[in-house]
Structures are given as C-alpha cells and as structure tokens.
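Notes for the one structure printed next.
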Amino acid sequence: MSITEEILQMIKQYDRIIIHRHMRPDPDALGSQCGLAEILRATFPEKTIYQVGGPVEGLSFLAEMDEIADECYQGALVIVTDTANSPRISDERYTLGDKLIKIDHHPNDDPYGDLLWVDTKASSCSEIIADLAFSENLVVTKNAARLLYGGIVGDTGRFLYPATTAHTLQVAAKLLDYGFDASKLNRTLDQISLDVAKLSGYLYQNLQIDEHGAGFVVLDQAILKKYGIKDSDTAALVPLPGTIDVVLAWAVFVEQPEGYYRVRLRSKGPVINEVAKRYHGGGHPLASGANAKDQVMCQAIYQEIQKLCAEYQKQH
Ligand code: AMP
C-alpha cells in the first residue's frame with residue numbers, strides 16, 4: 001500500500017479529525033493545515049474537521065483557527081502538518097487524540113506519530129497535501145487550491161528557492177486551474193506595511209558582511225519599538241540580505257521581549273541547518289531557525305556561518 005493510501009485509510013476510520021501545525025505559522029503551515037482541512041470537509045461531509053493552533057498573526061487573510069474543548073480529542077484522529085519537531089507543534093493537546101499522523105517536508109529529526117509521511121524533496125508541505133489530494137482523487141475546492149498555492153508560494157519565495165522542482169510547478173499549475181485569484185493572493189503575500197518598509201532600509205544599512213559573503217544584522221527591541229514592528233512582522237525582512245549579490249549566507253537576530261534572540265538563518269549555498277541544530281533549532285539545509293540566549297551566542301552562531309561561507313567559497 002502506498003503512503004497516500006495508508007493515510008486515506010486511517011482518515012476513513014475516524015469521524016473527527018483535528019489538524020495542527022507549527023507555532024508562529026507561515027503561509028505553508030496554514031496552507032497545508034487548512035488546505036487539508038478544506039479538502040477533507042469537501043470529500044467527507046459527514047466527518048467533523050477542525051483546524052487548531054491559536055492566533056495566525058498577520059495571516060488571517062489565509063485562514064482562521066477553530067477553538068475546541070479538550071473532550072473533542074477523545075477518539076479523534078490528529079494530523080500535524082509542516083512541523084518537524086514535536087515541541088514546535090502549536091497547541092500541545094495534539095497528544096490527546098487516538099492516533100497521530102505527521103505530514104512534513106523538513107528533515108525527519110523527530111519522527112513522532114503513528115503514521116509518518118516526510119518528503120524532504122517537496123518544496124513545501126502544501127505540495128505534499130496537493131499530492132495526497134490528487135493521487136487519491138479527493139475533492140479540492142477553490143479555497144483549498146488557494147491555500148495550497150499560497151503555501152507553495154510562501155515556502156519557495158515565489159518559485160525562487162532551489163527546492164522548487166518541475167513537480168512543484170506542475171502542482172502549482174494544477175492548483176491554478178481551480179480559478180482562485182492568484183494575482184491577488186501573490187500581491188497580498190508580498191505586501192508589507194510602511195513600517196516594515198522603513199525597517200528594511202535600516203536592515204540594508206546595518207547589515208554586516210564579511211569577505212566570504214557571511215552577513216548578519218541584529219534587530220533589537222529598541223529598533224523594533226522605534227519602527228513599531230512586532231516579531232511576527234519580521235518575516236518579510238529575513239529574505240532581503242539574499243538580494244545582495246555578495247551575500248552568500250546570513251543571520252537575522254531578532255531580540256524577543258524576554259531578552260533572548262530568535263535566530264533566522266538563510267543561505268544561497270552553504271548548508272546551515274546543522275548550525276541551527278546546535279543552538280536549539282533546526283530546519284531546512286538553506287533555511288533554518290534557532291534561539292540564542294544573548295548577543296555572545298549570536299556572535300558564536302555568526303562565526304560558524306562565516307566558517308561555512310569561507311569553506312564553501314574555497315570549494316566553488
Ligand atoms: P524561520 O526563520 O522561523 O522562518 O524558520 C525557517 C525554518 O527553520 C523553518 O522551516 C522552521 O521550521 C525551522 N525552524 C525555525 N526555528 C526553529 C526551531 N527553534 N527549531 C526547529 N526548527 C526551526
């Protein structure tokens with residue numbers, strides 16, 4: 001039996017299905033979670049499907065969450081999308097269900113669940129959900145197609161990053177056929193506030209770049225306050241150093257109100273997720289995240305990125 005058949009078989013066994021995703025959701029987390037929820041609602045109208053995980057911050061144009069009681073988990077199937085590590089699953093009640101399915105595209109460092117489908121070659125978890133729907137002939141609604149397309153666009157940087165394959169584009173083309181307004185969606189995903197635009201200027205002005213193309217910038221609480229920006233608004237800033245020709249890999253350190261730093265690492269070549277793993281994080285080879293307790297630890301992480309860039313330059 002193929003993995004899609006196994007997943008479908010398990011779905012068919014449950015009347016209630018609760019779908020989770022990771023904390024601090026991005027378009028792929030919401031796209032895969034709520035795209036799957038829409039598809040299951042349309043395919044199995046007799047089942048009750050919930051999408052949970054708390055506030056979606058600036059992404060409510062994609063979807064909103066359901067609020068459910070603990071009792072709902074009794075005898076339910078729980079599916080978690082786009083979440084590599086169990087501590088990052090939003091809403092820890094994911095353990096209260098009868099069975100648990102993990103569907104993800106990150107390296108499978110934490111293989112939780114009773115049934116797992118992890119495809120690290122997929123551009124996004126939304127691409128995997130689309131594969132599930134198309135291979136098992138599930139009902140894809142216009143809004144489900146919009147959500148999955150949004151997830152793919154989000155995680156591929158609108159088809160820019162190397163995880164974009166011919167298959168990704170084929171899936172995206174199929175989704176476009178459902179007739180949602182892709183141009184409007186792309187514009188909305190791309191849009192930034194004037195405050196974020198102004199902070200972009202600060203980021204470009206203050207980015208430190210070494211001779212090997214390793215870059216870093218610190219966005220501390222004083223700067224975030226000055227520009228009126230919350231941590232959740234910083235997502236649009238993270239890819240910006242990559243638009244600079246001499247930058248090869250970079251770190252954006254965002255100070256949190258509690259004093260520690262959220263570390264966001266990106267790369268055009270050097271593999272950076274091993275560094276992230278050493279600092280309570282993880283992620284993809286070219287896009288990962290971690291946490292640093294202070295500026296000293298931020299500097300240690302940057303030094304590791306510098307080393308990787310120097311080695312990479314020697315080999316290429
Ligand atoms: P971000 O910089 O938050 O957009 O994250 C980039 C990638 O790294 C995503 O695929 C995340 O799943 C992963 N990631 C970010 N933070 C962590 C963390 N603390 N632990 C594990 N993976 C993370």
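Every number here is computed from the coordinates shown, using simple stated rules; none is lab data. Computed from a predicted model, the values in this text were never measured in an experiment. Every residue, glycine among them, receives a Cβ derived from its backbone with ideal geometry; neighbour counts consider all protein chains shown.
Within straight-line reach of Lys268, meaning a Cα separation under 16 Å, sit the following aspartates and glutamates at least 8 residues removed in sequence or on another chain: Asp155, Asp210, Glu211, Asp245, Glu304, Glu311.
Based on the Cβ-Cβ distance of Asn206 and Ala173, what FRET efficiency does E = 1/(1 + (r/R0)^6) give at R0 = 30 Å, to the nearest 0.05?
0.15
Look at the Cα gyration tensor of the chain: its axes a ≥ b ≥ c give a/c of at least 1.5 with a/b over b/c, and that counts as prolate.
Listed cross-link partners Lys174/Lys277; Lys12/Lys121; Lys184/Lys225; Lys121/Lys142 are compared with a 29 Å cut-off, the Cα-Cα value being larger for Lys174/Lys277; Lys184/Lys225. Which aspartates and glutamates does Lys47 reach when only Cα atoms under 16 Å apart count, and residues fewer than 8 places away in its own chain are ignored? Reachable aspartates and glutamates: Asp15, Glu38, Asp66, Asp98. Across the chain, Cα pairs under 8 Å and at least six residues apart give a relative contact order of 13 percent. Please report, ordered by residue number, every helix of the chain (full DSSP H runs) that is 20 Å or longer along its axis going by C-alpha atoms and whose mean Kyte-Doolittle hydropathy reaches 0.0. Qualifying helices, which must be both long enough and hydrophobic enough, are 27-43, 142-156.
Between the listed residues Asn291, Gly215, Gly201, the Cα displaced farthest toward the positive end of the dipole of region 194-315, a dipole computed from Cβ unit charges relative to the Cα centre, is found at Asn291. Under the combined filter of DSSP loop state and at most 13 neighbouring Cβ atoms within 10 Å, region 65-101 retains these GluC sites (Glu not before Pro): Glu67.
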